[in-house]
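Derivation of every value follows stated rules applied to the coordinates shown; laboratory data play no part. Keep in mind that this is a model prediction, so the values were computed, not measured. Because the Cβ atoms are built from the backbone with ideal geometry, glycine has one as well, and the counts that use them run over all protein chains shown.
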């Protein structure tokens, strides 16, 4: 098994890439306490690659992943070709999942959340630098503890954590 220390960000590349780019900017800004080892840096994908080749490379990235962040926007629940597949692989590999609602809702957004995540052990947060950083640092251990007890379903942080 590969050493898992990466963070894989899953999102609608057509409309929500600005949020992923913002996360990378937070990481690069030395004045902000935000860091993650981006799994997207592992191997390059080419536009000319077939779906099979792309999924093979994505699986390699996911095998090195400790946390999957799913950015939930308006269209995320409709994306099956890659987003749903990435979530399925993360569940299969028992990767802890942080769901970041781009509308900033602090709990599961039943309207926008992909069906596959509605009963999955994951923490749902509002998109923001501090709370995502908190989740990256705390959720994997909590996920492991809950998973070992057979707990499933959506989780969220109290308003106190946000403050």
field: Label point distance in nm, residue 149-residue 110, each placed 7 Å from Cα along Cα→Cβ
entry: 2.4
field: Label point at residue 162 placed 7 Å out along Cα→Cβ; residues across segment 91-121 whose backbone nitrogen lies under 20 Å
entry: 98-114
query: So between residue 50 and residue 13, what do we pick up on full extension, going 0.36 nm a residue minus the alpha carbon distance?
result: 11.6 nm
message: Pairwise over distinct Cα atoms, reciprocal of the mean inverse distance: report the Kirkwood radius of the chain in Å, one decimal place.
response: 15.9
message: I need the shape label for segment 80-150. Rule: rounded when a/c is under 1.5, else prolate if a/b > b/c, else oblate, with a, b, c from the alpha carbon gyration tensor.
response: oblate
- request: Determine, for 161, 87, the number of other Cβ atoms within 10 Å of each Cβ, and report the residues in order from fewest to most.
  value: 161, 87
